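Asker: Starting off with a structure, shown below.
The values are calculated or read from the model by the stated rules, or taken from the named source; none is laboratory data. A quick note: this is a predicted structure, and the numbers were derived from the prediction, not measured. Glycine also receives a Cβ, built like all others from the backbone with ideal geometry; neighbour counts cover every protein chain displayed.
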Amino acid sequence: MQETATRINIPKQYLKGFIVAAFLLIFFGWLLNTPQGILGKADAIGYAVCHRIDLRSFYIGDVQLPLCARCSGMYLGAMLGLGYQWIFGRKRVGMPTWEIILPTSIFVLLFAIDGLNSFISLFMNGSALYEPSNSLRLLTGTGMGLAIAVVLFPAFNATAWKMVDPRPVFIKFRIFLFLILIALLMDILILQENSFILYPLSIISAAGVLVLLMLVYSMVLLMIFKSENRFTQLNQLTYPFIAGLTLALIQIGLLDFIRYVITGTWDGFHI
């Protein structure tokens, strides 16, 4: 029995070392081959997931934000939604009630409509349903981000935690309504286009890409290795998170490489 335990424990230690080594290799490789500075790294993240069209983005002075208006709203909304739910229902796994599902479904529908309208405006000589604007892109993107967070948060909890709370995070609609109001306030601040506001939020939005990918990949890895529902504290998820973040960086690095080979520039698209 003791020999069996030893054979099981050693691979786990090697696995942890491999995870850390792989992360460091990928992280520093990506770091050394992307634009300099914090905003440069944020640009490289946005470059992998967003068209970064110049006219559809906000600016800090003459510097374009890492993500377009729609993607900025989506990832900021997702980060806000995840953080908000962590405060109110850390280990709750209950899916949202209909009074939450209905408005989030509307958010997703508005996101799709506004995205389609922008697409039509860009590729069909401006014959859109209505005049697109960065304000609408930001608002609908934020709504989509909230919807993603509402689904992802309980799904992650149901995958990771050993002891869970079966209740939904938003037991009462007013808790969700307060989140919407905070999101609206955030968007109003962004629309002021103040550099002191846009700079930190641009970094958070880029970080949101990494966080969402990390959570999804961590969940997938837990299921692949049949390690679901074994954790009781957040620090116990360190290695799954590192592994998930490594896969996220690999995805972003590959997309960066492919796009750079095709375009030959780190800039977004110009129209």
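Asker: Could you tell me which of the residues W161, W86 is within 16 Å of the chain's Cα centre (by Cα), of a type in the set (F, W, Y) and more than 18 Å from M186 (Cα to Cα)?
Answerer: Values: W161 fails: within 16 Å of the chain's Cα centre (by Cα).
Among W161, W86, only W86 is within 16 Å of the chain's Cα centre (by Cα), of a type in the set (F, W, Y) and more than 18 Å from M186 (Cα to Cα).
Asker: Now for a separate question. If you check F18 against the conditions, is it among the aromatic types (F, W, Y) and over 19 Å from the mean Cα position of the chain (by Cα)? Walk me through it before giving the result.
Answerer: On the way: among the aromatic types (F, W, Y): yes; over 19 Å from the mean Cα position of the chain (by Cα): yes.
Answer is yes for this residue.
Asker: List every residue pair whose Cβ atoms sit under 9 Å apart, with the two residues 6 or more apart in sequence or on different chains, where the first one lies in region 91-113 and is within 14 Å of L177 (Cβ to Cβ) and among the charged types (D, E, K, R) and the second, anywhere, is at pLDDT below 95 and assigned to a helix (DSSP H, G or I).
Answerer: E99/F173
Asker: Shifting gears a bit: Restricting attention to region 144-176, and to residues there that are in a loop (DSSP other than H, G, I, E, B) and either in contact (Cβ under 8 Å) with a residue 12 or more places away in the chain or in contact with a Ser or Thr (Cβ under 9 Å, 6 or more places away or on another chain) (or both), which single residue is farthest from L215 (Cα to Cα)? It would help to see each step written out before you state the result.
Answerer: In the first step, residues of region 144-176 are kept if they are in a loop (DSSP other than H, G, I, E, B); the result is 162-164, 169-172.
Adding the requirement that they be either in contact (Cβ under 8 Å) with a residue 12 or more places away in the chain or in contact with a Ser or Thr (Cβ under 9 Å, 6 or more places away or on another chain) (or both) leaves 162-164, 169-171.
Values: K162: 17, M163: 19, V164: 18, V169: 18, F170: 21, I171: 24 Å.
My answer is I171.
Asker: Additional query: Name the single residue that is surrounded by the fewest Cβ atoms within 10 Å (Cβ to Cβ) among those in region 90-133 being assigned to a helix (DSSP H, G or I) and of a type in the set (V, I, T).
Answerer: We begin by selecting, within region 90-133, every residue assigned to a helix (DSSP H, G or I); these are 98-123.
From what is left, the residues that are of a type in the set (V, I, T) are 100-101, 104, 106, 108, 113, 120.
Values: I100: 22, I101: 14, T104: 22, I106: 12, V108: 17, I113: 14, I120: 15.
Per the stated criteria, the residue is I106.
Asker: Any idea how many residues of region 42-76 are in contact (Cβ under 8 Å) with a residue 60 or more places away in the chain and either part of a helix (DSSP H, G or I) or farther than 15 Å from I190 by Cβ (or both)? Full working, then the answer.
Answerer: Step one: of region 42-76, the residues in contact (Cβ under 8 Å) with a residue 60 or more places away in the chain are 42-61, 64-76.
Subset that is either part of a helix (DSSP H, G or I) or farther than 15 Å from I190 by Cβ (or both): 42-56, 61, 69-76.
Residues in region 42-76 being in contact (Cβ under 8 Å) with a residue 60 or more places away in the chain and either part of a helix (DSSP H, G or I) or farther than 15 Å from I190 by Cβ (or both): 24 in total.
Asker: Looking at the structure I just gave you, is S195 of a type in the set (G, A, S), at negative phi and modelled with pLDDT of 95 or more?
Answerer: Numbers: of a type in the set (G, A, S): yes; at negative phi: yes; modelled with pLDDT of 95 or more: no.
Taking the combined requirement at face value, the residue does not satisfy it.
Asker: Right, next: Sort through L210, L221, L181 and tell me the only one that's within 27 Å of N157 (Cα to Cα), surrounded by fewer than 20 Cβ atoms within 10 Å (Cβ to Cβ) and without any contact (Cβ under 8 Å) to a residue 12 or more places away in the chain. Reasoning before the result, please.
Answerer: On the way: L210 fails: without any contact (Cβ under 8 Å) to a residue 12 or more places away in the chain; L221 fails: without any contact (Cβ under 8 Å) to a residue 12 or more places away in the chain.
Of L210, L221, L181, the one residue that is within 27 Å of N157 (Cα to Cα), surrounded by fewer than 20 Cβ atoms within 10 Å (Cβ to Cβ) and without any contact (Cβ under 8 Å) to a residue 12 or more places away in the chain is L181.
Asker: Which of the numbered conditions does E193 fail, given that it passes all the others? Conditions: (1) assigned to a helix (DSSP H, G or I); (2) within 29 Å of A42 (Cβ to Cβ); (3) of a type outside the set (V, I, T).
Answerer: (1)
Asker: For region 13-41, name all the residues that are more than 17 Å from I252 (Cα to Cα) and not in a loop (DSSP other than H, G, I, E, B).
Answerer: Taking region 13-41 and keeping what is more than 17 Å from I252 (Cα to Cα), we get 13-21, 37.
Of everything in region 13-41, those that are more than 17 Å from I252 (Cα to Cα) and not in a loop (DSSP other than H, G, I, E, B) turn out to be Q13, Y14, L15, K16, G17, F18, I19, V20, A21.
Asker: So, one more: Going through region 99-153 one residue at a time, which ones are within 16 Å of the chain's Cα centre (by Cα) and more than 30 Å from H270 (Cβ to Cβ)?
Answerer: Those that are within 16 Å of the chain's Cα centre (by Cα) and more than 30 Å from H270 (Cβ to Cβ): L146, A147, A149, V150, V151, L152, F153.
Asker: Now for a separate question. Looking for something touching a residue at least 24 places away in the same chain (Cβ under 8 Å), in contact with a strand residue (DSSP E or B) (Cβ under 9 Å, 6 or more places away or on another chain) and more than 22 Å from L255 (Cβ to Cβ) - is there at least one such residue anywhere in region 77-86?
Answerer: Within region 77-86, the first condition is being touching a residue at least 24 places away in the same chain (Cβ under 8 Å), and the residues that meet it are 77-82, 84-86.
Now narrow it down to the ones that are in contact with a strand residue (DSSP E or B) (Cβ under 9 Å, 6 or more places away or on another chain): 85.
Still in the running and more than 22 Å from L255 (Cβ to Cβ): 85.
Yes, because at least one residue in region 77-86 is touching a residue at least 24 places away in the same chain (Cβ under 8 Å), in contact with a strand residue (DSSP E or B) (Cβ under 9 Å, 6 or more places away or on another chain) and more than 22 Å from L255 (Cβ to Cβ).
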